[in-house]
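Please treat every number below as a calculation from the coordinates, not as lab data. Worth saying up front: this structure is predicted, and the values here are computed from it rather than measured. Cβ placement follows ideal geometry from the backbone for every residue including glycine, while neighbour counts extend to all protein chains displayed.
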Amino acid sequence: MRKLVFATDNPNKVREVNELLDNRFKITSKKEIGCLEEIPETQPTIRGNALQKAMYLYDRYKVDCFAEDSGLEVDMLDGRPGVYSARYAGAARSDQANMEKVLKEMENIADRSAQFKTVIALIIDGQARLYEGIVRGKLAKKPKGDKGFGYDPIFIPDELDTTFACISPKQKNEISHRGKAVRQLISFLTR
Ligand code: ITT
């Protein structure tokens with residue numbers, strides 16, 4: 001079985017990705033190969049950050065690996081929080097504060113269209129490949145649901161009339177940005 005290191009510190013991403021991979025690949029955490037430090041994310045785009053995180057591991061540990069960077073892009077906020085999603089309301093990375101900031105900025109704005117984007121950067125034998133998944137939807141007026149993570153309680157995908165935080169992980173993976181990107185990754189790995 002091919003071994004891949006997932007360059008993330010986010011256990012929610014690991015949970016969602018593992019459910020999609022369904023034991024077809026052995027995923028190792030960055031911790032297990034001795035990478036304990038936080039990987040820098042200093043690029044101006046989601047795509048750039050995904051690649052930066054994967055390259056960081058590959059350059060130092062020479063392992064086949066992948067990373068993903070994700071963000072919520074709100075149309076009327078010119079795509080913000082976007083690449084700044086994790087720290088939108090400050091370095092504390094509070095999901096609650098991040099959601100409140102977005103909702104505050106969107107107060108009195110009628111067009112609530114938004115999307116989630118995930119870019120996966122895969123590096124195998126030193127060669128990088130990128131996979132992108134997008135789900136379109138709109139922002140709720142207030143948070144709803146206690147499943148999922150991050151901005152899930154305020155995002156209503158076009159396929160549903162409730163938020164990502166109100167559905168099961170399996171249902172979310174079927175339509176989500178991450179599900180779409182991971183299925184492209186799987187189709188490459190099983191080609
Ligand atoms: P890494 O270690 O993989 O970098 P991270 O948590 O720093 O993990 P990102 O840099 O990709 O992840 O930041 C993404 C931000 O967007 C962060 O605030 C997440 O909570 C949020 N986010 C990512 N995927 C999401 C999803 O599926 N649903 C809701 N929010 C999500």
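Scanning the range 158-174 for residues being under 14 Å from R136 (Cα atoms) and in a loop (DSSP other than H, G, I, E, B) gives a total of 6. Of all residues in the range 158-178, those satisfying the criterion of being under 20 Å from L21 (Cα atoms) and touching a strand residue (DSSP E or B) at 6+ places or on another chain (Cβ under 7 Å) are I175, S176, H177, R178.
The residues of the range 5-31 that are in contact (Cβ under 8 Å) with a residue 24 or more places away in the chain, assigned to a helix (DSSP H, G or I) and surrounded by fewer than 18 Cβ atoms within 10 Å (Cβ to Cβ), listed by number, are N12, R15, E19, L21.
Just one of the listed residues (M76, M55) is of a type in the set (A, V, I, L, M, F, W, C) and closer than 27 Å to F155 by Cβ, and it is M76. The residues of the range 130-157 that are closer than 17 Å to V17 by Cα, out of contact with any Cys (no Cβ under 9 Å at 6 or more places or on another chain) and not in a loop (DSSP other than H, G, I, E, B), listed by number, are L130, Y131, E132, G133, I134, V135.
The residue list A140, A114, A89 contains one member that is out of contact with any strand residue (DSSP E or B) (no Cβ under 7 Å at 6 or more places or on another chain), surrounded by 18 or more Cβ atoms within 10 Å (Cβ to Cβ) and over 21 Å from A7 (Cβ atoms), which is A89.
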